[in-house]
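> Quick one: the structure is below, questions incoming.
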Amino acid sequence: MSWRTLISRRKNLTRFLPFSQNAPIHSSIFHPLPFPPSTATTTTSRNFHSSRVTTTQLGSQLGSKPSNSLVHSSSIADEEQDADGTMNEFLSRFVWMMRKKVRESYPDSDKGTVDAMLLVIVDRVVSELEKGGFDGVVGAATAAFRPGDDGDFSEDLWRTMWEVSNVVIEGMNKERKKEKMKGFLQCDEVKQMCRFAGEVGIRGDLLREMRFKWAREKMEEHEFYEGLERMRKEAEAEDNEEDEQGGTEHEDVGVGVAEEGGKVVGLPKRKGKIKYKIYGLDLSDQKWASVADRIHEAGEVMWPKEAKPITGRCKIVTEQILKFKEEEGSDELLRLLAEWVELLQPSRVDWKSLLDRLKQQNLPLYYKVAEIVLTEDSFQTNISDYCRLIDAYAKENRFEDAERMVKKLNEKGMLPDASAATELLHMYCKAGNLERAKEAFEILKGQGFQPNIKVYTAMIMAHVNANDPAKGEHLLREMEMKDIKPTKEIYMALLRTFSKRGEANGAEGISTMLQFAGFQHTKESCTLLVEAHANAGNPDSARKNFDNMVQFGHKPDDRCTASMIVAYENKNLLDEALELLLNLENDGFEPGVATYSVLVDWMGRLLLVDEAEQLLSKIAQLGEAPPFKVQVSLCDMYARAGIEKKALQALGVVEARKDELEHADFERIIQSLLAGGFEQDAWRMCGIMEAQGFTPSESLRMALLKPSHKLPKFR
C-alpha cells in the first residue's frame, strides 16, 4: 500500500500516534501557540514558499527512487514500496520530534490533546507533500510560509514544522550514508588498498583514516554514477510517455529541449560511434582492448590470487600435516599430502600458503615437503623454486642437501641462478672446498653477474685458508680494477698469510697496496713485515722494517722483538741480537715469553744448556707456561747433549701432543734423537710421523739408512 493511500485513509495515520481516533480535536490548537499568528510580510511568505519540498525530491534526498507516474509500469510497485518505507520513517521521526515541540508550547495539555494536535499536524504535512509542496526543505528552516488563505496554522507553527522536517531529513541522510559507508568499508578495492598500505608499513590511526577516506571516495563515485543512471531512466521514461501520447518526435533535436520565446532550443543528437581521443590517441580503436587485457594480466601478477579457503575435512588434514612428526615415517606424510591434494585441488598459491605455514611452525618438515612439492604438476615448478631451496640449505650449512638439490637442477639441464650460486660460494668457502667455490664463482661470471665485495671477500678468504695467497692477491687486484674497494681486513689476511709463508715480496706488495688504498701502517702490519723477512732469512730487511716501525711512532712489543731475534737466529748473528736487546732495554723494553722462547731455542741449537735453563726460569717467573715449541727445542737440545733423563722427559711431553707437531718438528726431533744415540726412540717417532700423514724427507731417510738398522717401510 502506498503512502498516498494513507492520505485517503486518515485513520491509518494513527499508527504513528498512540491515541484513539475518537480523541477530541479542539479548534483552538491552531492558533494558541506562544506566538499568535501575525500578518506575514510578502518577503517572509515568499522565503518560506521556496522551502517546500516535492515528494520526488524527498525520495531522492532520502536515498530512495522517486515515485514518478512516467516510470514504466513494471517498476512502479517497487518504487512505491521504497517510497512507503521512506515516508514511514520520515513520519515516525517527525512525530517523535514534533511531540517535544508541542509539549513545550502547551505544558498544561493532557496526552490526548497533544496526540490530537499531532494528528492534525501530520495530516496537514502529508497533504502538502501529496500536493507537491515543500520545495527545498533542506536549508529553509528559518523561512515562514502560510499555504493557502485558510489561516488554520500560525506562521510560527509552520516555521516549527519546517525546522523539524529539515532536522529529520538531515538525520535520515546521515543514517543512510553511514549504512552505505559500512558497505564500502568492506568492498574488495578498499580491502586491497588497506592490505597494500599495511605491507608498506602504514599502521594504527593513519591506516584507519585512510581506509575511511578511500571508502568515502568510493561511495561518492558510486553515488555519482547512480545519479547518472537515474537521470537516464527518467529521460527514457519521458521519451516513452511522449511516444505513447503521440507527441512530437525530436529526431534532430537532443533530449535537453527548452522553449525560449516560442523558439525551440536544443543540442543535436550524436550519430555514429563515439570516439575518445586523449593527447592525439584514438582510444576507441580495438587495439586498446588488447592493451587493457595485458594490463589486467600484469595486475594479476602484481596482485596474486589468494589461497582457497580450507574447510571441513581438508582443514583437518592440513592440521595433521602441520603437526606431523618424523617418527611417523615418510609414507604417512605422502599419504596425507595425497589426500590434501585430492580434497583441495591446490594451485601454486595454495602450495605456497601451506609451505609458509610449515616454515613458521615446523621448519624440519618444511624442507622435506618443499622437495616433495617440486615434483607436483600443480605447483608449476620453475628454476627459482630449486634455487630458493638451495639458498636455504646453504645458509644453514647443510652441504649434502644443497649438493643434492644442485645435482637435481643439473639433471634438468639448468644451472643455479645468481642468488643461489652466491650462497653456494659462501657455503663452499666456509667448508674450505676451494675447487667447488671456484666452480660457483665461474657460474656467476658465466651468467653475467658482476661479483660484489662479499663474493670477492669470500673467494679471497678461501684462498687464504687454503694457504694460497698468490691467487688471493690476483683477485684483490681484479677488485681494484673494477673500482671495488677492498676492506682493510682483506689486506691484513693476505699480509698475514704471506708473512707466515716467508714470502717477503708478496708481503711487500700487499703492504704497498694497503698504503695506496688509503690505510695507514699499524703496529700489526709492521710486525707482519718483520716476520715475513725473518721467515725468509733476510735479517737486514727485517731490521729495516723494524726501524721503520719505530719511526712511525709504534713502540716494539714482545712479539715484534721475537720476530727480529728469529731473523738474527736464522743467520746465527748473536752479537746483533744481543745489541738489539740491550738498546731496547735501555728504552724501557722488558722481554716477554715470546722473546725468551726464541732465545731458548737459539741456546738449545748452540747446546748452551745452562743458559737455556736460565731463560726457562725467567719464563716461569713471568707466571706463564712456555709455548709448545719450547718443548721441541728442549727435546732437541737434551737429545743432542746426551742428557738421557731430560731428553726422554721432554720427548714424552712432545709425544703426548703429537697432533700439534708439524713436518719440520718431526724432522728436527728424529734427527736429534739419532744424533744422541736414541735409535729406538727415533724409529718410534718415525712411525708416529707416518701415522700423522707426513712423509720423511730424503735426508732423514739417509740418516736412518745405517748398517745397524733395517730400512723401514715408508708410505
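The values are calculated or read from the model by the stated rules, or taken from the named source; none is laboratory data. Since the structure is predicted, the reported quantities are computational estimates derived from the model, not experimental observations. Because the Cβ atoms are built from the backbone with ideal geometry, glycine has one as well, and the counts that use them run over all protein chains shown. Each accessible area value is taken on the protein alone, full model and side chains, heavy atoms only, with ligands, DNA and RNA left out. Shrake-Rupley method; radii C 1.70, N 1.55, O 1.52, S 1.80 Å.
> Is it fair to say residue 538 is open to solvent by 40 Å² or more (accessible area, probe 1.4 Å), more than 50 Å from the chain's Cα centre (by Cα) and under 22 Å from residue 573 (Cα atoms)? Break it down into steps so the answer makes sense when it comes.
Details: open to solvent by 40 Å² or more (accessible area, probe 1.4 Å): yes; more than 50 Å from the chain's Cα centre (by Cα): yes; under 22 Å from residue 573 (Cα atoms): yes.
The answer is yes for residue 538.
> Oh, and also: Criterion first (open to solvent by 50 Å² or more (accessible area, probe 1.4 Å) and in contact with a Phe, Trp or Tyr (Cβ under 7 Å, 6 or more places away or on another chain)) does residue 646 satisfy it? Even if it seems obvious, please write down each step before you answer.
On the way: open to solvent by 50 Å² or more (accessible area, probe 1.4 Å): yes; in contact with a Phe, Trp or Tyr (Cβ under 7 Å, 6 or more places away or on another chain): yes.
Yes, satisfied.
The rows are residues; the columns are (1) farther than 25 Å from residue 468 by Cβ; (2) at pLDDT 85 or above; (3) surrounded by fewer than 15 Cβ atoms within 10 Å (Cβ to Cβ).
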| residue | (1), (2), (3) |
| --- | --- |
| 341 | yes, yes, no |
| 376 | yes, yes, yes |
| 405 | yes, yes, no |
| 422 | no, no, no |
| 432 | no, no, yes |
| 446 | no, no, yes |
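> Just to be sure, is residue 577 over 20 Å from residue 533 (Cα atoms) and without any contact (Cβ under 8 Å) to a residue 40 or more places away in the chain?
On the way: over 20 Å from residue 533 (Cα atoms): no; without any contact (Cβ under 8 Å) to a residue 40 or more places away in the chain: yes.
Here the answer is no, as residue 577 does not meet what is asked.
> Quick check, is residue 291 among the hydrophobic types (A, V, I, L, M, F, W, C) and either buried (at least 17 other Cβ atoms within 10 Å of the Cβ) or outside any helix (DSSP H, G or I) (or both)? Show your work before the answer.
Working: among the hydrophobic types (A, V, I, L, M, F, W, C): yes; either buried (at least 17 other Cβ atoms within 10 Å of the Cβ) or outside any helix (DSSP H, G or I) (or both): no.
It is false that residue 291 is among the hydrophobic types (A, V, I, L, M, F, W, C) and either buried (at least 17 other Cβ atoms within 10 Å of the Cβ) or outside any helix (DSSP H, G or I) (or both).
> Looking only at the stretch 188-197, how many residues end up being over 18 Å from residue 177 (Cα atoms), aliphatic (A, V, I, L, M) and open to solvent by less than 50 Å² (accessible area, probe 1.4 Å)?
Of all residues in the stretch 188-197, those over 18 Å from residue 177 (Cα atoms) come to 188-189, 191-197.
From what is left, the residues that are aliphatic (A, V, I, L, M) are 193, 197.
Those left that are additionally open to solvent by less than 50 Å² (accessible area, probe 1.4 Å): 197.
So the count comes out to 1.
> So for the stretch 655-668 (the condition being more than 19 Å from residue 603 (Cβ to Cβ), touching a residue at least 24 places away in the same chain (Cβ under 8 Å) and of a type in the set (A, V, I, L, M, F, W, C)), does at least one residue qualify?
yes
> Further question on the same structure: Of everything in the stretch 382-411, what is under 27 Å from the mean Cα position of the chain (by Cα) and among the polar types (S, T, N, Q)? Give them in sequence order.
382, 384, 397
> Got a sec? Which helices (runs of 4 or more DSSP H) wholly within the stretch 53-162 have at least 3 residues that are open to solvent by less than 70 Å² (accessible area, probe 1.4 Å) and at pLDDT 80 or above?
Numbers: elements: 55-61, 76-105, 111-130.
Qualifying helices (runs of 4 or more DSSP H): 76-105, 111-130.
> Pick from the stretch 546-575 the residues that are over 15 Å from residue 595 (Cα atoms) and within 52 Å of the chain's Cα centre (by Cα): which of them is surrounded by the fewest Cβ atoms within 10 Å (Cβ to Cβ)?
Once the filter is applied, the top-ranked residue is 553.
> Next question, about the same structure. Select, from 356, 391, 385, the only residue that is open to solvent by 80 Å² or more (accessible area, probe 1.4 Å) and free of Cβ contacts under 8 Å to residues at least 40 places away in the same chain.
Working: 391 fails: open to solvent by 80 Å² or more (accessible area, probe 1.4 Å); 385 fails: open to solvent by 80 Å² or more (accessible area, probe 1.4 Å).
Residue meeting the stated conditions: 356.
> Does residue 667 count as modelled with pLDDT of 90 or more and acidic (Asp, Glu)? Lay out the reasoning, then the answer.
Working: modelled with pLDDT of 90 or more: yes; acidic (Asp, Glu): yes.
Taking the combined requirement at face value, the residue satisfies it.
> Shifting gears a bit: Looking only at the stretch 639-686, count how many residues are out of contact with any Asp or Glu (no Cβ under 9 Å at 6 or more places or on another chain) and of a type in the set (S, T, N, Q).
Going through the stretch 639-686 one residue at a time, the tally reaches 2.
> If you take the residues in the stretch 198-234 that are more than 25 Å from residue 174 (Cβ to Cβ) and modelled with pLDDT of 85 or more, which one is least open to solvent (accessible area, probe 1.4 Å)?
Checking each candidate, the answer is 234.
> So which residues in the stretch 604-623 are open to solvent by 20 Å² or more (accessible area, probe 1.4 Å) and aliphatic (A, V, I, L, M)?
Here is the first cut: in the stretch 604-623, the residues open to solvent by 20 Å² or more (accessible area, probe 1.4 Å) are 605-611, 613-618, 620-623.
Those that are open to solvent by 20 Å² or more (accessible area, probe 1.4 Å) and aliphatic (A, V, I, L, M): 606, 607, 608, 609, 615, 616, 620, 622.
> Which of the helices (runs of 4 or more DSSP H) contained wholly in the stretch 587-674 include at least 3 residues that are closer than 21 Å to residue 563 by Cα? Reasoning before the result, please.
Details: elements: 593-605, 609-621, 628-641, 644-656.
Counting at least 3 such residues, we get 593-605, 609-621, 628-641.
> Condition (residue is in contact with a His (Cβ under 9 Å, 6 or more places away or on another chain), buried (at least 18 other Cβ atoms within 10 Å of the Cβ), modelled with pLDDT of 90 or more and aliphatic (A, V, I, L, M)) applied to the stretch 685-693: is it met by at least one residue?
yes
> Just checking, how many residues over the stretch 188-202 are among the β-branched types (Val, Ile, Thr) and within 14 Å of residue 213 (Cβ to Cβ)?
Number satisfying all stated conditions: 2.
Here is a yes/no grid of residues against (1) on the phi > 0 side of the Ramachandran plot; (2) among the polar types (S, T, N, Q):
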residue: 158; (1), (2): no, no
residue: 162; (1), (2): no, no
residue: 166; (1), (2): no, yes
residue: 173; (1), (2): no, yes
residue: 184; (1), (2): no, no
residue: 195; (1), (2): no, no
residue: 201; (1), (2): yes, no
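> Taking the condition in a helix (DSSP H, G or I) and in contact with a Phe, Trp or Tyr (Cβ under 6 Å, 6 or more places away or on another chain), does residue 549 pass?
Answer is no for this residue.
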